[in-house]
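To start, the structure itself, in structure tokens.
The values are calculated or read from the model by the stated rules, or taken from the named source; none is laboratory data. Computed from a predicted model, the values in this text were never measured in an experiment. Ideal geometry is used to build each Cβ from the backbone, glycine not excepted, and the neighbour counts take in all protein chains shown. Please note that ligands, DNA and RNA were not included when accessible areas were found on the heavy atoms of the full protein model with its side chains. Shrake-Rupley method; radii C 1.70, N 1.55, O 1.52, S 1.80 Å.
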Amino acid sequence: MGVSAGKTKEPASVAGTWRGVIPCADCPGINYTLRLNEDNTFEGTLTYQERDVEPFTRTGTWRLHAGKVALEAADNGTVPTLFELTKTGELNMLDQEGKPITTGTAPLYVLRKDSDFAEDNPILREERRERGLDFVATGNEPGWLLEIDLEKSIRFKTLPSESISMETPVPAALRSGNITTYLATSEAGELEVEIIEQPCEDTMSGKVSPYLVRVKVNGINFRGCGEYLQE
């Protein structure tokens, strides 16, 4: 079914891609990716972790009123999903009556905008460069971040929940052709990073980076794109 655009254009600060990991009754979590387009259409995708099911995608229109974002499905058969836009720039999911969720898992019902940690955020990129980081990579489904400071450590974490977080010393690099590999261990487990010199397109933004990056953390595989910051 086609999706019609909203009548009014909401602020560009609200439009964009938002992500979070919300609670799941019978799995570790649900990766929630919500794209709010500037023409007031939206696309929301739910991906269940560690379950062999296809991601569920919903489309429709969205509107912002009195600090709340309402998603209205294209089929008009679903109660609107409501979020509160907080002063800190997050989207907190509300219940069907538009009230805050009060269960013990309430802090998990939050989405953060991609620009808060996206590789192509110029402010964040410069801040990382000033911190002395040499290489940064990101990926999607679920979101993750890899930071390498060749003089200090390798840091990896999933975003935004940090359900996986690991920091290790930088081991000697293993080079073969166009691939640079780091094999590291810490108290948290094993980390393997492969940096492959070939163009890589981000699966959400479409941005092309010079390096394809594969990461394995305690047997869990991640794939994304990266770049050197000090070149």
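Considering each residue of the range 121-134 in turn, at least one proves to be surrounded by 15 or more Cβ atoms within 10 Å (Cβ to Cβ) and modelled with pLDDT of 85 or more. Under the condition of being among the hydroxyl-bearing types (S, T, Y) and open to solvent by 10 Å² or more (accessible area, probe 1.4 Å), the residues counted in the range 154-178 number 4. For the range 212-231, the set of residues classified as open to solvent by less than 30 Å² (accessible area, probe 1.4 Å) and assigned to a strand (DSSP E or B) consists of L212, V213, V215, V217, F222, G224, C225, G226, E227, listed by residue number. No other residue among T185, T180 is modelled with pLDDT under 95 and either closer than 15 Å to I220 by Cβ or hydroxyl-bearing (S, T, Y) (or both) apart from T185. Considered as a group, the residues in the range 65-82 that are over 15 Å from L94 (Cα atoms) and either open to solvent by less than 30 Å² (accessible area, probe 1.4 Å) or assigned to a strand (DSSP E or B) (or both) include one that is modelled with the highest pLDDT, and that residue is A73.
The residues listed here are S209, S176; of these, the one that is farther than 12 Å from A137 by Cα and of a type in the set (G, A, S) is S176. As for the range 182-196, it holds no residue that is farther than 30 Å from I30 by Cα and surrounded by fewer than 17 Cβ atoms within 10 Å (Cβ to Cβ).
Matching residues to (1) under 17 Å from the mean Cα position of the chain (by Cα); (2) of a type outside the set (D, E, K, R); (3) farther than 30 Å from L91 by Cα:
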{"position": "A173", "(1), (2), (3)": "no, yes, yes"}
{"position": "E201", "(1), (2), (3)": "yes, no, no"}
{"position": "V213", "(1), (2), (3)": "yes, yes, no"}
{"position": "G219", "(1), (2), (3)": "no, yes, yes"}
